[in-house]
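Here the structure comes first, spelled out in structure tokens, and everything after it is commentary.
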Amino acid sequence: MSESNSAISVNNLWQVFGPNPEKIVGSPDAALPRAELREKTGNTAAVRDVSFEVAPGEVFVVMGLSGSGKSTLVRCLTRLIEPTSGSVVMNGEDVLKASDARLRELRRTKFSMVFQNFGLLPHRRVIDNIAFALEVNGVSKEARHARANEVIELVGLQGFAQAYPEQLSGGMQQRVGLARALAVDPDVMFLDEPFSALDPLIRRDMQAEVMRLHEELGKTMVFITHDLAEALRVGDRIAIMRDGAVVQMGTAEELIANPADDYVADFTRDVPKSHVLTVRTIARPLASNETASGRSIPATTIIRDATAAILDADGPVAVVEGNTTLGFITPRDFLLLVGGGSHG
């Protein structure tokens, strides 16, 4: 994907905290482990030479353990923290070169953020919390309330326009946060661990809500989380960070089928492989002593969804992509995958 047709293009982004941070970038010290760098120079490299591209309409997830740099990264993308070096191009414009006035304009109209702590104004009703960015933009009360009411319906807050935040549950408050971010019709949405403060059932509902909104609106989203299950559920692609650097980037299937190192393997160890991998990952050539069953399965089928077809067939099942046969699967192939420590 070239920079010109990316919604976001991040290149060689660094964020170093400490004295003379720009001297760390490109120096031999930059390669030091985080603790050694801090001890030797007094600096902490929170984001280390990160590059990635996000396609228009993609949900790009950044995940990692606490302290991995993921929240610092998203704050650098929006210049809530000024990066030490690198570039962040959104829809052809380098955000890091924008003047203060232009940056305010971008934040008001082109991208929006949803945070873990909802950040609602307690003295304002739901409709005015949602319309706040439009108010800042000088939109008339009638027009901003009309837009707020549209978004209220979109996120399922009908009947709560006149409520105050304290009268809402955590899940409802985060719906207000989502609605506020959507009110300006941004090109890009940044969601920084938006559901971490919610209990598991509400969190799952909100994940489904984000997926529904994405399907309806097609917004480009950068979603930060420490929860792999959440990342797998909402993300088109996932970048896994450790000590400020991206250690692997890819689809859920790529990360689980081919973890780059033990760190990624630990993250994905408890994921049921048959719930994520497609049949193409276990397709193999037909052995000389086998006779194909005559049945076929599309290569994009999740293995779990193909279980009945595989187990019921009287021989190997073909895995096909269009008119091309990629390989075959037998019940034994399926059972080897499930039995390979994956709880599938």
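For GLY92, the conditions (1) open to solvent by 60 Å² or more (accessible area, probe 1.4 Å); (2) under 25 Å from GLU193 (Cα atoms); (3) touching a residue at least 12 places away in the same chain (Cβ under 8 Å) are fulfilled apart from (2). If the condition is being within 22 Å of the chain's Cα centre (by Cα), within 26 Å of ILE24 (Cβ to Cβ) and of a type outside the set (A, V, I, L, M), then region 85-133 contributes GLY86, SER87, ASP94.
Is one or more of the residues making up region 298-305 touching a residue at least 12 places away in the same chain (Cβ under 8 Å) and over 30 Å from VAL222 (Cβ atoms)? Among the residues of region 298-305, at least one is touching a residue at least 12 places away in the same chain (Cβ under 8 Å) and over 30 Å from VAL222 (Cβ atoms), which makes the answer yes. If you check GLU209, GLU193, GLU215 for being of a type in the set (Asp, Glu) and at positive phi, only one passes: GLU193.
Pull up region 183-196, narrow it to residues that are in contact (Cβ under 8 Å) with a residue 24 or more places away in the chain and assigned to a loop (DSSP other than H, G, I, E, B), then point me to the one that is nearest to ASN129 (Cα to Cα). Among those residues, the one meeting the criterion is VAL184. Residues that are in a helix (DSSP H, G or I) and either open to solvent by 30 Å² or more (accessible area, probe 1.4 Å) or touching a Lys or Arg at 6+ places or on another chain (Cβ under 7 Å) (or both) within region 210-239 comprise MET211, ARG212, HIS214, GLU215, GLU216, LEU217, ALA229, LEU232, ARG233, listed in sequence order.
Could you grab me the full set of residues in region 43-69 that are open to solvent by less than 20 Å² (accessible area, probe 1.4 Å) and under 21 Å from LEU32 (Cβ atoms)? Result: ASN43, ALA45, ALA46, VAL47, VAL50, GLY64, SER68, GLY69. Might you check whether a residue that is modelled with pLDDT of 90 or more and part of a loop (DSSP other than H, G, I, E, B) occurs anywhere in region 275-291? Yes, because at least one residue in region 275-291 is modelled with pLDDT of 90 or more and part of a loop (DSSP other than H, G, I, E, B). Scan region 175-182 and give yes if some residue there is more than 26 Å from GLY57 (Cα to Cα), at pLDDT 90 or above and not in a strand (DSSP E or B), otherwise no. Scanning region 175-182, I find no residue that is more than 26 Å from GLY57 (Cα to Cα), at pLDDT 90 or above and not in a strand (DSSP E or B), so the answer is no. Every test in (1) outside any strand (DSSP E or B); (2) under 30 Å from ASN12 (Cα atoms) is passed by VAL139 save one, and that test is (2).
Pairing residues of region 23-49 that are over 24 Å from VAL74 (Cβ atoms) with residues that are crowded, with 18+ Cβ neighbours inside 10 Å, at Cβ distances under 7 Å and at least 6 apart in sequence or on separate chains, gives ASP29/LEU37; ASP29/THR41; THR41/ILE24. Just wondering, is there one or more residues in region 236-249 that are of a type in the set (Val, Ile, Thr), on the phi < 0 side of the Ramachandran plot, at pLDDT 90 or above and over 11 Å from the mean Cα position of the chain (by Cα)? Yes, region 236-249 contains at least one residue that is of a type in the set (Val, Ile, Thr), on the phi < 0 side of the Ramachandran plot, at pLDDT 90 or above and over 11 Å from the mean Cα position of the chain (by Cα).
Within region 292-325, the set of residues being assigned to a strand (DSSP E or B) and surrounded by fewer than 17 Cβ atoms within 10 Å (Cβ to Cβ) comprises SER296, PRO298, ILE302, GLU321, THR324, THR325. Report whether or not ASN149 is modelled with pLDDT of 90 or more, part of a helix (DSSP H, G or I) and surrounded by 18 or more Cβ atoms within 10 Å (Cβ to Cβ). Criteria not met by ASN149.
Of all the residues in region 240-249, those that are assigned to a loop (DSSP other than H, G, I, E, B) and not small (Gly, Ala, Ser) number 1.
Put simply, of GLY69, GLY86 the only residue that is over 27 Å from LEU232 (Cα atoms) and either out of contact with any Asp or Glu (no Cβ under 7 Å at 6 or more places or on another chain) or touching a residue at least 12 places away in the same chain (Cβ under 8 Å) (or both) is GLY86. Among the residues of region 118-132, those that are more than 13 Å from GLN174 (Cα to Cα) and in a loop (DSSP other than H, G, I, E, B) comprise PRO122, HIS123, ARG124, ARG125, ALA131.
The values are calculated or read from the model by the stated rules, or taken from the named source; none is laboratory data. Predicted model only: the values in this text are computed from it and were never measured. Here Cβ is always computed from backbone atoms with ideal geometry, including for glycine, and neighbour counts include all displayed protein chains. The area values use the complete protein model at the heavy-atom level, side chains included, leaving out ligands, DNA and RNA. Shrake-Rupley method; radii C 1.70, N 1.55, O 1.52, S 1.80 Å.
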